[in-house]
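What follows is a single structure, written as structure tokens, with notes after it.
The values are calculated or read from the model by the stated rules, or taken from the named source; none is laboratory data. Just so we're clear, the structure is a prediction, and the values are computed from it rather than from any experiment. Every residue, glycine as well, gets a Cβ built from its backbone with ideal geometry; the counts of neighbours run over all protein chains shown.
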Amino acid sequence: MDLRKYRLIFGMLAMTLIVSGCTYREKEKAMGVAAGNLVTARAIREDILKDSSNTVLSPEKIGSLDNRILMLARNEIFARHGYVFKQKELQDYFAAKPWYHADSTYKEHLSLTEKQNVALLRKYEAKYADYKLEPSHTDDVHLRGYTGDSSFKQKKMNVDLNGDGREEEIQLIPPETESGAFKLKVNNITMEVSSELLPYLDIVDIDIDDPYFEIALQMDSQMVFLRSTTFYTYDGDSLKQIGELPNFSAHSSMLDGHGRVVGAKESKDFQTWFRDLVFRLDAKHVLHEEQQDFYPMEPPTLLTIKKEIAVQFDKDGSDEAFSLEPGDNVKFLGDDKHGHIKLQTNMGKEVVFTLGDEYVDYSSFFDGLILYD
């Protein structure tokens, strides 16, 4: 046998033997080395709240968990008894847990501790539901703000962040002086956080199929273009930032639970409006923006042409341009982030108007543009 092939096979067998005899975290690290420090798809989180069936929960353990985690944690208590779920999402989620065994005879009987914990989780689900992220303006649903009372959010939490069964001590520490910085502390690791205002921290689950919960810190500001959300992950040894997204992105409505996160970013290329940007978690557990062919304006802005403009049916310029005249009514549908504006004529035709490279006051060409801020 070729010596190089022998070494490769021996190495693979050695890795298999090493992993088979390891603890959970050691398995994950060993597989990570073999895959180039990537998070292996086989690694899962076995429990949301490990002791929720035999230990009474407290706000310090659940107060800043997002709505999806709270919902899964509540159903986890029933799943331990073999409850057969009707929702496919819950069926799939708990079917992946090695401890789950469906039992059609289970009649939803709970211990006193379990009943207390289910009630507390429901209470915080209701608090979270009342604290909503909703459109701030009727002319652009992508511009969102929070409504409701956020006082239930915790500044200190005890949560298992990396799925190893041990809780981390998490704390958001305010500045000691007016010019000082916030600090995020996880166990013995402390990071300075660049921010003007951090009212609370959230614990979110960007991907329910991996072992990790993420820490999300949302920065608020009266100037909406300054709002941002920074996500962090903790792997048991280190705390790292995995992405800074525009606006408020930590609400459960902005995460699909399968690696996708949405953030709204302001644009003033044509009018003042917000695009929904999509970010995805990669194999190294970092968020990257996913480029889209088209970013919609919702609802479309009603405009009237003030000066003649040239438009085309295709943005590649392969067809002949024609004119829209003063007095024509159009709708601004959105753009591609590369200067190609999609309009809809009053006849229902979709056309493309291309912005120039230099700044132009488009309010002299269109009446009805949104120009707040």
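Among the residues of region 144-157, the one identified as assigned to a strand (DSSP E or B) and either touching a Pro at 6+ places or on another chain (Cβ under 7 Å) or at pLDDT 95 or above (or both) is Arg144.
Among the numbered conditions (1) modelled with pLDDT under 95; (2) within 18 Å of Asp209 (Cα to Cα); (3) among the hydrophobic types (A, V, I, L, M, F, W, C), the only one that Trp99 does not meet is (1). Checked against (1) in a strand (DSSP E or B); (2) free of Cβ contacts under 8 Å to residues at least 60 places away in the same chain; (3) surrounded by 21 or more Cβ atoms within 10 Å (Cβ to Cβ), Ser249 passes all but a single condition, namely (1).
One line per residue, one yes/no per condition, for (1) out of contact with any helix residue (DSSP H, G or I) (no Cβ under 8 Å at 6 or more places or on another chain); (2) crowded, with 19+ Cβ neighbours inside 10 Å; (3) modelled with pLDDT of 95 or more; (4) assigned by TED's automatic domain parsing to the domain that holds Leu161:
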site	(1), (2), (3), (4)
Arg227	yes, yes, no, yes
Thr233	yes, yes, yes, yes
Asp256	yes, no, yes, yes
Pro300	yes, no, yes, no
Asp316	yes, no, no, no
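Of the helices (runs of 4 or more DSSP H) lying entirely inside region 59-100, the ones with 3 or more residues being surrounded by 17 or more Cβ atoms within 10 Å (Cβ to Cβ) are found at 67-79, 88-95.
Checked against (1) within 26 Å of Asp130 (Cα to Cα); (2) in contact with a Lys or Arg (Cβ under 6 Å, 6 or more places away or on another chain); (3) assigned to a loop (DSSP other than H, G, I, E, B), Leu277 passes all but condition (3). Residue check: is Gln218 of a type outside the set (Phe, Trp, Tyr), farther than 30 Å from Ala96 by Cα and outside any strand (DSSP E or B)? Answer is no for this residue. Scan region 295-333 for residues that are in contact with a Gly (Cβ under 9 Å, 6 or more places away or on another chain) and of a type in the set (Ser, Thr, Tyr) and the total you get is 3.
Regarding Glu308, is this residue acidic (Asp, Glu) and in contact with a Pro (Cβ under 8 Å, 6 or more places away or on another chain)?
Details: acidic (Asp, Glu): yes; in contact with a Pro (Cβ under 8 Å, 6 or more places away or on another chain): yes.
Judged against the criteria, Glu308 is a match.
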